[in-house]
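The values are calculated or read from the model by the stated rules, or taken from the named source; none is laboratory data. Please read all numbers here as calculations on a predicted model, not as lab measurements. FYI the Cβ positions are ideal-geometry reconstructions off the backbone, even for glycines, and counts take in every protein chain you see.
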Amino acid sequence: MKFREHQIQVGIVKYLRANGILVFAIPNGGQRSAKTGAFLKEEGVMAGVADLIILLPECAIFVEVKNTNGTQQRTQTAFQKRVEELGFKYYVWRSVDDAVDFLRKIGMLTKTGSKYDCNQPDIDELECYIKGEQL
């Protein structure tokens, strides 16, 4: 059985929060009236914005949640490109296992309270790593 993106995102959020990670959603989807859509657009809602934002010390990470076969829309890839051009990290996660792997790589799987440095070069596809330690 394939999990819907909603179920995957709920699992990711619960897992990250259980490990002390500040994560929040940007609810861009859903059916709404034209009036409500225009109102939200005036407030800053923008097509293609990632589903989740994770905040670590001096580091913001954007996560798009997709099911196993899901692909990004054109607006989502454009947002990803812009985010990466600005120097931020962007991931497409397809399961809670992606969040588990991420926390393992940054040393937060057990709430170690480690320091991060997101301005260092990537190591082994790791976008953030513990200061002074190679993983």
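Filter the stretch 17-32 down to the residues that are modelled with pLDDT of 85 or more and under 22 Å from Q76 (Cα atoms) and list them by number. Before you say what the answer is, go through the steps one by one.
Taking the stretch 17-32 as the starting set, the residues that turn out to be modelled with pLDDT of 85 or more are 17-26.
Correct list: V23, F24, A25, I26.
For the stretch 114-123, indicate whether the set of residues that are at pLDDT 95 or above and either touching an Asp or Glu at 6+ places or on another chain (Cβ under 9 Å) or among the aromatic types (F, W, Y) (or both) is non-empty. Lay out the reasoning, then the answer.
Taking the stretch 114-123 as the starting set, the residues that turn out to be at pLDDT 95 or above are none.
The answer is no; no qualifying residue exists.
Per-residue answers, yes or no, for (1) within 16 Å of Y15 (Cα to Cα); (2) of a type in the set (D, E); (3) at pLDDT 95 or above:
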{"residue": "I54", "(1), (2), (3)": "yes, no, yes"}
{"residue": "V65", "(1), (2), (3)": "yes, no, yes"}
{"residue": "G70", "(1), (2), (3)": "no, no, no"}
{"residue": "R82", "(1), (2), (3)": "no, no, yes"}
{"residue": "E85", "(1), (2), (3)": "no, yes, yes"}
{"residue": "W93", "(1), (2), (3)": "yes, no, yes"}
{"residue": "E127", "(1), (2), (3)": "no, yes, no"}
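Those helices (runs of 4 or more DSSP H) of the stretch 1-87 in which at least 1 residues are on the phi < 0 side of the Ramachandran plot and surrounded by 15 or more Cβ atoms within 10 Å (Cβ to Cβ), considering only elements entirely within it, cover 5-18, 74-85.
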